[in-house]
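*Asks:* First, the structure itself, so that you have it in front of you.
The values are calculated or read from the model by the stated rules, or taken from the named source; none is laboratory data. Only a predicted model underlies this, so the values are computations on that prediction, with no experimental measurement involved. No Cβ is skipped: glycine too gets one built from the backbone with ideal geometry, and neighbour counts run over all protein chains shown.
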Amino acid sequence: VSRSAYSLLIHILIQQRLLNYDRDLAINLFEQLVDAEDILLSTRTVDRFLCHALRTHYTELKSIVVRMISSEIPKVQEIGARGLFLVSLINPEAQSLAENYLSNTISTPAHRKAAAFIYISNLRQANYRAFCEKKLIQFFNDTNQEVQDQAAQFFSNLEPQDSRFGDHYR
């Protein structure tokens, strides 16, 4: 990784801290910094930044997320899609875009794997449980094994009192 790539990641890490103090400035700086190679968008640092920033600045970051989801690099697609599917739980505009990315015409395994991850991660949230369960079901029979494997993580997230669900899938 080049020196400029490390510099970019350091700046994004600083912006993550800045999100707590001046979200608008952090978003503005992030938008300027990510105008780089797509591979730099595949980092955990970018993933974490989007996770926190999209909640309040979806409109401003939407074009970056769409760019990521449309990338040729599956890991970049997955990180962008995770951000989109997470914010889609609270934002109707994002939910509409997320639905488009799950349609058969433009869906990739990276998109579906990201969706399964977000739905599993939010199953215990009472507000989202029914929605996440309904969405997650479609991934158990996905044509891609990695997507199926991600969906199968559902079972490792069950609480003992939820074990009755396991009986239906044996």
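*Asks:* Out of Ser88, Ser121, which single residue is of a type in the set (Ser, Thr, Tyr), touching a helix residue (DSSP H, G or I) at 6+ places or on another chain (Cβ under 7 Å) and modelled with pLDDT of 90 or more? Please lay out each step first, then the result.
*Replies:* On the way: Ser121 fails: touching a helix residue (DSSP H, G or I) at 6+ places or on another chain (Cβ under 7 Å).
Step by step, each of Ser88, Ser121 is checked, and only Ser88 is of a type in the set (Ser, Thr, Tyr), touching a helix residue (DSSP H, G or I) at 6+ places or on another chain (Cβ under 7 Å) and modelled with pLDDT of 90 or more.
*Asks:* Out of the residues in the stretch 22-52 that are outside any helix (DSSP H, G or I) and surrounded by 16 or more Cβ atoms within 10 Å (Cβ to Cβ), which is modelled with the highest pLDDT? Lay out the reasoning, then the answer.
*Replies:* Here is the first cut: in the stretch 22-52, the residues outside any helix (DSSP H, G or I) are 22, 34-37, 43.
Okay, now just the ones that are also surrounded by 16 or more Cβ atoms within 10 Å (Cβ to Cβ), so 34, 43.
Numbers: Val34: 75, Thr43: 82.
It comes out as Thr43.
*Asks:* Of everything in the stretch 132-152, what is assigned to a helix (DSSP H, G or I) and either surrounded by fewer than 18 Cβ atoms within 10 Å (Cβ to Cβ) or touching an Asp or Glu at 6+ places or on another chain (Cβ under 6 Å) (or both)? Give them in sequence order. Even if it seems obvious, please write down each step before you answer.
*Replies:* Kept after step one, since they are assigned to a helix (DSSP H, G or I), are these residues of the stretch 132-152: 132-137, 145-152.
Result: Glu133, Lys134, Ile137, Gln145, Glu146, Gln148, Asp149, Ala152.
*Asks:* Could you check how many residues of the stretch 53-90 are surrounded by fewer than 17 Cβ atoms within 10 Å (Cβ to Cβ) and not basic (Lys, Arg)?
*Replies:* Qualifying residue count for the region: 10.
*Asks:* Across the stretch 72-85, what is the total count of residues that are outside any helix (DSSP H, G or I) and either of a type in the set (Asp, Glu) or closer than 26 Å to Asp24 by Cβ (or both)? Talk me through it step by step, then tell me what you get.
*Replies:* Within the stretch 72-85, the first condition is being outside any helix (DSSP H, G or I), and the residues that meet it are 72-73.
Retained after the next criterion (residues that are either of a type in the set (Asp, Glu) or closer than 26 Å to Asp24 by Cβ (or both)): 72.
Total satisfying the criteria: 1.
*Asks:* Shifting gears a bit: When Gln145 is evaluated against the numbered criteria (1) at pLDDT 90 or above; (2) in contact with a Gly (Cβ under 8 Å, 6 or more places away or on another chain), which criterion, by number, is the only one it fails?
*Replies:* (2)
*Asks:* Can you name every residue in the stretch 118-131 that is surrounded by fewer than 20 Cβ atoms within 10 Å (Cβ to Cβ) and assigned to a helix (DSSP H, G or I)?
*Replies:* Ser121, Arg129, Ala130, Phe131
*Asks:* May I pose another question? Tell me whether the stretch 91-107 contains one or more residues that are surrounded by 15 or more Cβ atoms within 10 Å (Cβ to Cβ) and within 21 Å of Phe155 (Cα to Cα). Lay out the reasoning, then the answer.
*Replies:* Initial filter on the stretch 91-107 (surrounded by 15 or more Cβ atoms within 10 Å (Cβ to Cβ)): 91, 94-95, 97-98, 101-102, 107.
Within this subset, residues satisfying the condition of being within 21 Å of Phe155 (Cα to Cα) are none.
No.
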